[in-house]
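The values are calculated or read from the model by the stated rules, or taken from the named source; none is laboratory data. It should be emphasised that the depicted structure is a prediction, and the values quoted were computed from it without experimental measurement. Reconstructed Cβ throughout: ideal geometry from the backbone, glycine too, with neighbour counts over all protein chains shown.
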Amino acid sequence: MILISAYCAVLLSFASGLLALLMNRRDMLLAVKRYAVKTFFKAGHGPDWLGKNLEEQRFPPFLRFSVFVLLGLSGVFAVLAGLGVLIGKTVITDQISLGLPWLPWHVRFDSLSGFFFLIIGIAVSAVSLYGPGYANSYDENRHPFAVLGLFTGLFVAGMLLVLLADDAFFFMIAWELMSVASYFLVAFQHENPANRRAAFIYLLMAEVGALAIILGFGVLAAFSDGFTFDALREAKLSTTWAGIAFMLALLGFGMKAGIVPVHVWLPEAHPVAPSHISALMSGVMLKVAVYGLIRFCFDLLGEVHWQWGVVLLVLGAVSALGGILYAMMQPNLKRLLAYSSVENIGIIFMVLGLSMIFMANGHPQLAALGFLAALLHAFNHALFKNLLFLGAGIIHHQTHQLNIDMMGGLINKMPKTSMLFLIGCMSISSLPLFNGFVSEWLAFQTALQVDVLDNGVLRSLIPVAAAALALTAALAAACFVKVFGLIFLGLPRSQHCEKAHEIQDKGMLAGPSLLAGLCFLFGIFPGLIIGLINNVAGQLLGETLPNDAALSWLWLAPVSSQQASYAPPLVLIGALIAGCISFWYLRRNPATALRTAETWDCGFGGLTSKMQYTSSAFTMPFRRIFRSVWIIDERIEKDMQGAMNQDVAAVHYHLEVQDHSWPRLYEPIEHAVNRLAKLVGRIQTGNIRVYLGYSFVTLIIMLWVIS
């Protein structure tokens, strides 16, 4: 039944895409009808069954709704399948009669696959509630729903199939399905050149990453008897070849996950995709890349080396700190959230690196702790990042803009959205009582066990990485204080925000509400999900958390109750008691009673939106401290007038913050490719004799090589 539920999830996602495609066919038939009416009948004289209300018949709402219903059912079955295999601690294998004649598709559904099935299922369920209302905002003539629905279904199906694949060929087919389908979703609004550029960059980097993954599988296959994962697990690799396979996998999966410096597609692709697709890409697709790296390194390679852990630790620390610093400088809301995903993926890689280091040094229980912290943060990030992207979609839908410098005052216009967005901001800022705090607290607990290691270099490096993680958490809190303050507090900065109102579509609020509720639930009762992740660690690593008895619903003590513990239900009770006492005290004394009054305007005769902080003003102190992190072009231009241009007519402030990766890494590669293309272009002479000579020389070389 568990595997049948997994298959149903895949088939339903395919069915949702096919239903959208059939809707496109129906639209074509209606176009033929419309042409027939105009051609063969005079206006208004055609038969009712042929020409009546043709425009009104296009894409009935219930058909659009049916596409998302199927998608939602896919998410529900994915959740059921994931919970079933996690609770049952089973490993299910199967074969599908597709693929190559000598290599049918092999299927394996274990606890690791089930955990990521759970992540995808929750996210897809929330998106299915949100999607119908959001998709109605698109102009059908310019942005056909058939395209959006088809590739959304294929995208979800591709991600689910990646988790089921148990051979290299099936894995890459599913991986490419996921990548190509998401490319068309990024390019959905293709009339904008920036969207086409972002989609091209994404597809290019996705294919380079896929090539690296194929080469990684090739290294394993060269030392084994086949392409199935069972055969690849038996490969006997030397330390050198194992390191090469690891680096190829890290490049391929890291590029899809968005690790620095191969992260540049995220801030380009996420802002231009539809918001619910951005939620799936950032909240879910990046986790599929994390799954691929875990499956390759912890399962297929078998024995891990501490040097690999150091590589992940350093790259993760750089990505976490760099990602949040890049995010702070962004005025575009979705671009900011994309860079924030780089930060959170960096945290996951950091803790996976710690897990590798402890495992290679003979501390399997601490390795299990790091592994659990990484998976828990992947789960939590999927919840609050989906919540934030869906919230950004509501804001964009109601204000028609994503520039946070043009927003403000939305807490009065959109109170429900502001509350949901606030929960997302508090979760991603790792504040207590929300889920983000638990996983980062476990990450710190993992790093604090460094004293068990004998290697002096590691004992010095890990505390530095832990300090970078602490700084990252503080900067994340500051970043999302800026986000929430500039968007929801203060006065409206534009007419769109002045006229904004709460979204009327209940589904667009139901999806984020589901995710917000889960952020709070797993923040108060993290043991519910930790127990399931513990099963993953036990099945993959052969070890569980060091102190299972102290991991109850009431408190967490991952190492021992004498060292550190956290009891979120007790913290919640204490916060409620403190809040009640404070409220009673303020109400008891009239002198301290809460009152509402106008904000002091310093005697300037009333506040205006121009007196408020902007994004660049809020981040100015950070920009001065971490100036070397970015390429900054900051200048002030003055328009002068009057006699001898002595009077200032206007002042213009320009600020451009650029990622170092573009000029230092990608632009040199672009110039090199262009130069190589020009050199290769010289062989195109237009002379048939020269082309025949090329063919003759190629034939001679091939005959020599083959013989």
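The figures follow:
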item	result
Every pair of residues 6+ apart whose Cβ atoms lie under 9 Å, when the first sits in region 89-101 and is on the phi > 0 side of the Ramachandran plot while the second is part of a strand (DSSP E or B) and surrounded by 15 or more Cβ atoms within 10 Å (Cβ to Cβ)	Gly99/Trp105; Gly99/His106; Gly99/Asp167
Qualifying position, being of a type in the set (A, V, I, L, M, F, W, C), surrounded by 24 or more Cβ atoms within 10 Å (Cβ to Cβ) and under 23 Å from Val657 (Cβ atoms), among Leu337, Leu354, Leu315	Leu337
Selected residue (only one of Leu129, Leu112, Leu86, Leu150 is touching a Gly at 6+ places or on another chain (Cβ under 6 Å), under 20 Å from Phe298 (Cα atoms) and not assigned by TED's automatic domain parsing to the domain that holds Thr544)	Leu86
Candidates His397, His377 - the one that is assigned to a helix (DSSP H, G or I) and within 21 Å of Ile533 (Cβ to Cβ)	His377
Given (1) free of Cβ contacts under 8 Å to residues at least 60 places away in the same chain; (2) buried (at least 24 other Cβ atoms within 10 Å of the Cβ); (3) not in a helix (DSSP H, G or I), number of the condition Ala273 does not satisfy	(1)
Any pair with Cβ under 7 angstrom, 6 or more apart, that starts in region 418-434 at a residue that is closer than 19 Å to Leu475 by Cβ and ends at one that is of a type in the set (Ser, Thr, Tyr)	Ile428/Ser340; Phe434/Ser427
Candidate set: region 503-542, residues that are part of a helix (DSSP H, G or I) and among the aromatic types (Phe, Trp, Tyr); chosen: the one surrounded by the fewest Cβ atoms within 10 Å (Cβ to Cβ)	Phe520
Residues of region 612-670 that turn out to be at pLDDT 80 or above, among the charged types (D, E, K, R), loosely packed, with under 13 Cβ neighbours inside 10 Å and not in a strand (DSSP E or B), as a count	2
Among residues of region 122-166, those that are among the polar types (S, T, N, Q) and surrounded by 24 or more Cβ atoms within 10 Å (Cβ to Cβ), counted	2
Matching residues, region 663-704, being touching a residue at least 12 places away in the same chain (Cβ under 8 Å) and of a type in the set (A, V, I, L, M, F, W, C)	Leu665
Top-ranked residue of region 389-405 - restricted to ones that are among the hydrophobic types (A, V, I, L, M, F, W, C) and touching a Pro at 6+ places or on another chain (Cβ under 9 Å), ranked as surrounded by the fewest Cβ atoms within 10 Å (Cβ to Cβ)	Leu402
Single condition Val648 does not satisfy, out of (1) touching a strand residue (DSSP E or B) at 6+ places or on another chain (Cβ under 6 Å); (2) under 30 Å from Glu440 (Cα atoms); (3) among the aliphatic types (A, V, I, L, M)	(2)
Qualifying residue in region 203-218 (condition: buried (at least 21 other Cβ atoms within 10 Å of the Cβ), in contact (Cβ under 8 Å) with a residue 60 or more places away in the chain, part of a loop (DSSP other than H, G, I, E, B) and in contact with a Leu (Cβ under 7 Å, 6 or more places away or on another chain))	no
Asn455 over 21 Å from the mean Cα position of the chain (by Cα), surrounded by fewer than 16 Cβ atoms within 10 Å (Cβ to Cβ), over 21 Å from His363 (Cβ atoms) and not hydroxyl-bearing (Ser, Thr, Tyr)	no
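Each row is one residue, and each column tells you yes or no for (1) under 27 Å from Ala510 (Cβ atoms); (2) at pLDDT 90 or above.
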| site | (1), (2) |
| --- | --- |
| His400 | yes, no |
| Met414 | yes, yes |
| Cys425 | yes, yes |
| Ile428 | yes, yes |
| Val450 | no, no |
| Asp454 | no, no |
| Arg459 | no, no |
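Okay, residues lined up against (1) under 30 Å from Phe480 (Cβ atoms); (2) in contact (Cβ under 8 Å) with a residue 24 or more places away in the chain; (3) assigned to a helix (DSSP H, G or I):
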| site | (1), (2), (3) |
| --- | --- |
| Ile244 | no, yes, yes |
| Val304 | no, yes, no |
| Val310 | no, yes, yes |
| Leu321 | yes, yes, yes |
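A quick yes/no check of all residues on (1) out of contact with any Leu (no Cβ under 9 Å at 6 or more places or on another chain); (2) over 21 Å from Leu376 (Cα atoms); (3) hydroxyl-bearing (Ser, Thr, Tyr):
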{"site": "Ile423", "(1), (2), (3)": "no, no, no"}
{"site": "Ser429", "(1), (2), (3)": "yes, no, yes"}
{"site": "Ala443", "(1), (2), (3)": "no, no, no"}
{"site": "Val464", "(1), (2), (3)": "yes, yes, no"}
{"site": "Ala477", "(1), (2), (3)": "no, no, no"}
